[in-house]
Every structure is written in C-alpha cells, then in structure tokens.
1. Once every Cα of region A:316-401 carries one equal point scatterer and solvent is ignored, give the base-10 log of I(q)/I(0) from the Debye formula at q = 0.18, 0.19, 0.21, 0.22 Å⁻¹, two decimals.
2. Taking every DSSP beta bridge that has both residues in the protein assembly as shown, what percent is antiparallel when rounded to the nearest 5?
3. Per the helix-only calculation at 222 nm, which mean residue ellipticity applies to chain B, given -39500 (n - 2.57) for every DSSP H run of n ≥ 4 and division by its residues, nearest 500 deg cm²/dmol?
4. Distances over 16 Å make up what percent of all Cα-Cα pairs in region A:206-287?
5. Before rounding to the nearest 500, sum -39500 (n - 2.57) across all DSSP H runs of length at least 4 in chain A and divide by the residue total; then give [θ] at 222 nm in deg cm²/dmol.
6. Quick one: grab Rg to one decimal and Dmax as a whole number for chain A, Cα atoms only, in Å.
7. Given a Förster distance of 45 Å, report the FRET efficiency between residue A:149 and residue A:374 from their Cβ-Cβ distance, rounded to the nearest 0.05.
8. For peptide B:120-126, how many partner chain Cβ atoms fall within 10 Å of a residue's Cβ, on average?
C-alpha cells in the first residue's frame, strides 16, 4: 500500500493509485516485463539466419519498408511498451557498436528472459538469476575467446574477409549477388582502412543509391559520387585532370554579420554601389581562375549572373553540395575547404583525374562522378536496384557488411557461425554450472539453455527439425570436441562450418552475449512499474 | 499474466499466414486492376481526382493509373513502385511488369498452400529468371551495324508500343514522328530536348514534328513579326529593375527631387543593360524571366524581337537548338556565343499564335505539335508518345530487339519449362510456376482482345516447340502468326527490365512473414 502515517498517526498518500496511475509490483511486474520482452523477441525470431523471412513495415505516413535487419525493424515498429523500448535500445546499441547481429542479440535476450521466467516460477530470486547470468556470460565470453581463431589477410589476400561478409549478406534479400556485394564492401573498407592503426573510418565510405537498373550493376567507385549536376546546362560535362576549388562561401557580395544599412541618397552613390557589385562578382570568379581552378564546388548557390560569369570564363561549377559531401570531396581530392575567396591558393585546390556527369534513365537525373582522386581515401558504393525498397534494404545490408569488415580489421579473431559458437558456449557454460555451489547454478544452466535458442531458431527457419538437429550437432561437438559444427541452413550436406565458410566476428558475438545479458539483468531487477494510465 | 500492448494504439501487426495472405491479395488486386489495359486491345481507365474540380484523366498507361491510386496495402505499394521505376528507367512496359509480378505471386500462393516454403519458391524463381533472361539473350536481334535496318526496327518498335494506346489508329504516322525525333537526339537520352506542344483542335492526324523549334509565346507588341537570319541571344536575367544585391542597401532620401533622380538612375541602369544586350548585334532576345514594359519598349525601338518568360526547359532547349549559350551578364559581347536560325516567324496553330524558329543550326532538339479533339485525348496522346520516345531513346543505346506479341514470353516459358524438368528437388515446382506466370501474359493479351486465349496459347506453345519459330499472337487478325512478317518488335531492354524487376518485387513480397503497420500520423483536423 502506498499509504504511510506521519508522526501524528494521520494517513497520507505517497502514490495515488487506480485513477491516474497503474501499478504493477513484485513478481507480477517481472512477469509482465518478461512477457513484453519475449513478445518483441518473437517478432524477430523468424528473421534470423539465411532462410529468415522479412518484415514489412508501414510507417506513419504510409511509406513501406521491407527489411530483414533487426535494428531497422525495431526502430520503425512504433513500440509503446517500456520494456519493448529497452529491447529496441538493445538492438540499436549492437548496431552502433558492431553493426551486425542486431537480430541475434534480441533473440538471445528473449531466450534469456524466457529461461528467467521458468526460474522465477521455481522461486529463485530475480537477483540471484541475474547474478547467475552474469557469471555465465563471463564463462561464455571467455570460452568464445578460446575457440576463436585468428585468420590472416592482407591487402592482396582478402578472400577471408569476403567470406565473412558473405555470411552477413546471406541472410538478406540481396543474397542473390552476395559474392559481388561482399567483394565491393571489402574493397571499400580496405581502400579507406588504416592498416597501421587497425582502424577504419566508415564515414569515408559513402553509400549512394539510385533506383533503376538491377542489383548486379552496383559498383564501387574510387572517388565520390555527388547527386548534383553542373550549375549551368551548357558547362562541359567532363573535365579531365580537374583542379577543384572547394568553397563554402557563396558567390555573393559579402554579408556582414552585424546589422547594418547602406544608405543610398544620391545618384552617385547608387552608381558606385552598382559598379562595386559588378566588381565583386568579377573578382570572385577571377580569384578562382587565378589560382588555377578548373572546377568550383560550392556549398551555396549562386545567382544567374555569377552562374553565367563562371560559364563565360569557362569555369564549370557545382552548387548546393551538402556539407558532408563537401568534406568527403575534400578528403578524396586532397583539397582544403576554403571559406573565403581571399584565402584561395593553388595548394588548397583538390585534384581529381576525371570529373564527369552521367545521366540515368529517361528522366532528367544526373550525377557527378569525381574519380581518380589525388588521395583515394574516400570511396563510394553506388547501389542500383529495381525499386526504392530494394535500394534501402541493400544500403542496410551493405552497411552491415562494411561493419563486419571493419571489425575484422580491428580484431582478426573470428568464430564460426551457423550457431556453432552458441552451441560451443552452451556446452561450456553447462559444464561450468556444476562448479558453482549456490542457487546461481540453476541460473547458469538456464543461460546455457538460452544459448541454444539461437541455433534452434536457425534450424526452425531453415525448415529443419529444430530439436533433432540441435541435439545431433551438440553431441557431435561434444564427441569430437570440435567447436566448428553448426546448423546446416543452406542444405549443403555438411555441419562443418569451416567447410561452409560461415564466419562471424569474435567481438560481434561477444558483444551480443554481453549486451543481451546486461539488458536482461536490468529487466529482472525491475519490481515495480508505475505508469500513467492515460496511455 | 496478459501481455501489455507492445505497440501504440492504432498500430497493428499481422503475422505468418495472414500477413502473407494480405500481401498476396493486395498485390494481386493491383495486378488485376491494370490487367485489362494490357495489349493492343486493352481497355482504358477513367481516373477522377479527388481534388477540386474532379479533373478526369482517361488513360491506358499502367504507371499513370497506379500513380493516381490511393493504396493502403503495403504489398500493393511495392508493385506501384516497380511500375514507377519501370516508367523512369525505360518508359514502357509499366503494365506488363505489374501483371507479371501479380502472376508470379498468384502462382506462389498456390505453391504456399501446397506447403512449399517461400524460400524454396524464391530460389526457384531466381533460377527461372536467370534462365529466362539467357533464353532472351540467345534470341535477340541486333541491327546496329545496318542503319537502314535499325531504323526500320525502331519504327516497328514504336508501332508496337503505340498500338496499345490511343494513337493506334495513326500509329505509322506517330511512329515516324517519334523515330525522327529520337534520331535527332543523337544518342542522348535527354527527352527534355523534345518538346511536346498540345493544342486542342483538329484531329490526331494533324499532329506533326517540327524540325525547328516552337515556343509557345507571343511576340511583343510593335516588334517585328518575322526575322530572317536571326541572331538570337538566349538569356536568363532579370529585366525588371535590377536590385542592388549588396546586403542591407536601401534608399534613403530627403526630398522628392532626389527620388526622381534615383529613379532616373535606375532607368539609366536598365537602359545601359539593354544597350549592352543590343551591343551583341542581335535581332532576337529571349529571356527566361519577365521583361518589363520599359525595356520591352527599348527593344521594340531597336527593332529587336524580345520574348519574355520562356520557361526554363524552353530556354535550355532553345540553347540546344540554336547553339547559343544562356547568358546572364552582358559585358563582353564578343565572346558570348549567339544562337542562329534562318527564320523566326509567328505561326498560328488552331487559334493560338506561336513563335517558330526554323532553319536552326544544331538540330538536337525538336518540337512535336499534338492536335486532338479534347484535352483528355491530348494528354493521353502525350503519354503514349512519351512511352514511345522513351523506348526508342533507350533502344538507340541498346540496339537489341526482340519480336513482340507474346513471342518473348513463350520463348522464355519454353526454356524455363525445360529447366524445371532438369532440376531436382522442390524448386522445380517453383520453376514450373514461373513459366506458367510467363504464359499468363500472352493469355491476358488474347483475353483482352476477346479471343479464345486457351486455344491460341496452346497453339502458340505447339508452334514454339519447333526450333527458331517466330510465332506470336496477332491480335488484329485473331490468330497465331509470324511476328517477323507482321513487323511486331519490342525492345530487349524493356523486356529484360520487366522480367527482372517483376521477379525482384515478387521475391520481396514473398519473403515477408509479418506486416507491422504504425499508427497513422495524426493530421490536423481538416478532413
């Protein structure tokens, strides 16, 4: 009861109930939370694995998204429940941190919650369960470290990277040409990777999509693609050996920040002002010309007069280029972004071997290719596809593949996919459980069982007998003490994931287990839910 | 313990079988909607807009129909989208792509009810699509080398495209027109350079292609109506009082005389500009923006034809046609490229006066004047012509052509059938289904023409058993005939796009096992 008595014995209400607030307490609260978490996980469960299905999401404005990516599904699902929101967060943080395995982490968390419910029914205190899970996750992560393998690759031999990216892509709709997409992703990452520092700045990879053509036409461009065209229709469409002036100032007379007025009261003043204005334009263009620029890329627009002057002086220009793109162009061409005309110098110009405009389809859609850049550290992946949804989904898939490749460059360790790693961990955790004397032992065993749910879902989605398949693989792993056996989703005929070339990154897997455990712990610790009943 | 609602109030989710059913039904409904417009004897649809005036569109064009529909079903939206992309990419086949995707889903539904997993169906469809494309590639005809033949190919394609549209009566006429227009583009796909002017009145047959350029504008009063050997300055500049662009400038005066002085200076400025323009030695000035009365008068005094307010595309086209550059500053008259043409005159089409530029230097652009009984006819004629132009311009770049009249579908179906026989496993059912879906297109064409489709398609299939057969359905005579002799051709690029995007869309819809609809965004209380 949220009723207390003050020192005089008068009752007062701490928390108003019924009318405005709904309140769940104790075991009920935990049960309700677990049920909500499980419901979210159940939605994603069927998307797991190479034979997983997609979800169709209709947004509030009627726009349709079709996707297989866990993070995207949850993000657009419009959830209302608090616990469900936690799960959404969970998948998002996996997405930020690792970029892949966003579905897996939610399925894992769902399984952990399901097991926790069973332990609660046994009367084990939620905190004990949470602690047991914590211990178990530590065991699992350590075990993963043990069974992981380092694999060697370098710039010339990137086959292993491609294989890993293919594992990621195989669960997406784009698996039709996963080989070529994986190669594109790996080449893109290697092009921008800093192998010395083992780091990859994914911002340097631009993913651009255009509806039309088909997936096979997707290409990697060593350079930048800008969705803009030349400012004047009669400017040259192709510039070889371009010297690019990258400007963030508009071709306009200066605009002081302080408020001011220029008063015109005589005809002379009017005349001088007019002259000056013309001079401004002239000077600006001349300045660009003087430093030897053969192409101007401007963040702002410029009016017809400046446009024509540029055209007239044979200086092609592109206007309204976004800030991010401008930065990329600067990086790629080795130029500097120049905020003022006065500061233009020949050294600050970017250089590109070829700039060309290319048009698509029957509509007037043009794009600008900036290629053979001085510093090829920025690349663009240009996606083509049959329709808008396809392009969006391909973008997401490529993003996942890029993340995987990046993770591998950061950390070369891999574990085997197809549920093999989970099964191995499950065995290890199960074995470790017996060593713990307390109530936690049960929680640890439950954790092991929850780990099984990922391979189980994989088998289920692939149309195999889940329990039968899982137990077969499990016993095989135990008997031969080899952690490479997983679920044969593609019906290849072997359980050996080494032969099937199904890899996942070690950090990705570890992160999955850690994040899922953390969220579940958090959910288990909640014993009181207070919400406004208006909702 | 009951599960709390996970979603917001109005959001809902459909799962598994129900979701699949919902998307199948939605997609098929859309496909059936446009199905009856397919083929030369396809029917049109009337679309009435809900906006003010309830404007009416009569059309046969799949993309136009679908674009105007208000669709709630997410799967149906996917189909609308592919049809739109088809329109943007190749311009024609917008109905076929939706019908094929719908048929693929219809077949898939049957397979799903007979307990075949969607993933298996997708795998089968993919193999089938690959095989179908190879089959087409084997049978393409490429006449790029032979200009004469290529032109006749294009003509035939144009006629095939047009025969399903309102222009079918005069398809030879329009096909000639479209081919001529596309050849003038010289390989560019920028259809903006072809201007279509619609003028109600006369009959469709009176439409014509003009070698020169027609601008839908009037000549200013008091200016010459006819100029020979015109030198044209194409400009985009403000011809009202030029504003001072320096920020914060304003006029502050203390007496009326000063105002008058400044006004005089402004006028002077304008006059300067006009003089500068005149210094180019032109006798025609075309501006994108308005020309005010004052400069217009100055131009008239100088005997220069000044045309104001030509829209942006008009300007660009005029630049293309006359070879002049679009100017905005006028300080260096010697280096601005002027446009030239032999003759500018005012012509009358129907009741309207238009300006006609003939004898132009670079014939990259041209105008097509459409005449017709009503706006609806003209709109539809424009769409049809647009389709033909799109297809032709794409074919100029990719010169491979195929026969039409259901021939490609039968060729693909045959190959796919053979593949089905060779393939082991459940996939072969899906491959077989793919071939059935392909055959549905000639069936629909025949059905729409009121022919005995079962009989005709069976006959066609038998004919196609012979190697190198050219048989297709000739809807006009209502029998199976040699497509090569009848001159029914289609562009390979269109067929390929239809095949690939229909398969892709079907695959996408098949993969879905759950539909989650968010709560619709609340609108202000207007509706």
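Any read-out appearing in this document is the output of simple, stated calculations on the displayed coordinates, not a laboratory observation. All values reported here derive from a predicted model rather than from experimental measurement. Cβ atoms come from the backbone with ideal geometry, glycine included; neighbour counts cover every protein chain shown.
1. One equal scatterer on each Cα of region A:316-401 leads to -0.97, -1.04, -1.16, -1.22.
2. Of those bridges, close to 65 percent are antiparallel.
3. Taking each H run of at least 4 residues, the total per residue is -16000 deg cm²/dmol.
4. 75
5. -15500 deg cm²/dmol
6. Answer for chain A, Rg first and Dmax second: 29.7, 100 Å.
7. 0.70
8. Partner Cβ neighbours, averaged per residue: 2.
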